[in-house]
Amino acid sequence: MKIRFWGVRGSISAPGPQTMRYGGNTPCVEFEGRGGETFVIDAGYGAVGLGQRLTQGAGATEQHLLLTHLHWDHIQGLPFFAPIYIPGHRVIIYSVSAKTARSAMDRLFTSVYSPIMGVENLGAEVAYEEIAGPFQLGDMHIEPVLLDHGVPTLGFRIEDGDSVVFHATDHEGGDRTCDERLVQAARGADLLIHDAQFTRPEYLRYRGWGHSHTEAALKNALDAQVRRLALFHYDPTHTDDDVDRQLQDARAQVADQELEVLAAQEGLELQVA
């Protein structure tokens, strides 16, 4: 299984010279299974670059977009996702509520927000699937898990043969019983992608906002006995140097543990075997 990061920033985009290494685009992660099938988790501004790549050459004409939830930073790339405008393409949007996802799309494509009025005028066929339990995309088995973000928000355990990845953003790790559910679902994963928006001192100021701090991500990774942890969903005020410090601090805290810690960045591709 291959994972490609197209957007790793949380809350709002953060372009500029101080965020160029890790990237300023909001969340979008692409998964490619061993059989070549692909799907995407979230459609923040990272989906813009992904959409451009998907429309180059003779690529697939069906795209699967899994939305963790419908907060703005996770759907703001949809109006700029190139395949959605191409006749003959089909874009399937999966979410915890198909009705709510359809309503959000209807609002995005009104004259208030877009020159394109009506989803029916986009070009591609847009379909909606409700995530009610485990499902299959090609060879990849996907199990949704409810996270702690104040609104219905899904994490995903993705299994492809012996490869296992758990995607967990937006989640308020720390003093929450929901951590137990996440840890159980992520147990033994090769890779855990975990919300790390805050440092612990920052989290103490923003408790209840629905996001984790680095130490909570480390604890969940260790408790779940995963092989690798990818920090993700960085605060928009954090510069590349700030993320470097988060990563260095995290690695120092688990120096005597069998856990590899990395910081997700735009353009990073990971092979999970």
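Key figures
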| item | result |
| --- | --- |
| Rounded, prolate or oblate (a/c below 1.5 giving rounded, otherwise prolate when a/b exceeds b/c) for the stretch 72-221 by Cα gyration tensor | oblate |
| Dipole axis of the chain (+1 Lys, Arg; -1 Asp, Glu on Cβ), positive-most option in GLN265, ILE92, ILE193 | ILE92 |
| FRET efficiency for ARG102 and GLN18, using Cβ-Cβ distance with R0 set to 30 Å, rounded to 0.05 | 0.20 |
| Separation of alpha-carbon centers, the stretch 218-249 and the stretch 38-66, rounded to whole Å | 26 Å |
| Pairwise Cα inverse-distance average, inverted: Kirkwood Rh of the stretch 2-271 (Å) | 18.6 Å |
| For peptides 79-86, 129-136, sequence by mean Cβ density within 10 Å, most packed first | 79-86, 129-136 |
| Three-way shape label, the stretch 32-154, alpha-carbon gyration tensor, a/c 1.5 | oblate |
| Nitroxide proxy distance, nm - points 7 Å out along Cα→Cβ at THR110 and HIS141 | 4.3 nm |
| Relative contact order %, the chain, counting alpha carbon pairs below 8 Å whose residues are six or more apart | 19 percent |
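Values quoted throughout were computed directly from the atomic coordinates according to the rules given, and no laboratory measurement underlies them. For clarity, every value in this text was computed on a predicted model and none was experimentally measured. Neighbour counts are summed over all protein chains in view; Cβ atoms, including those assigned to glycine, are modelled from backbone coordinates with ideal geometry.
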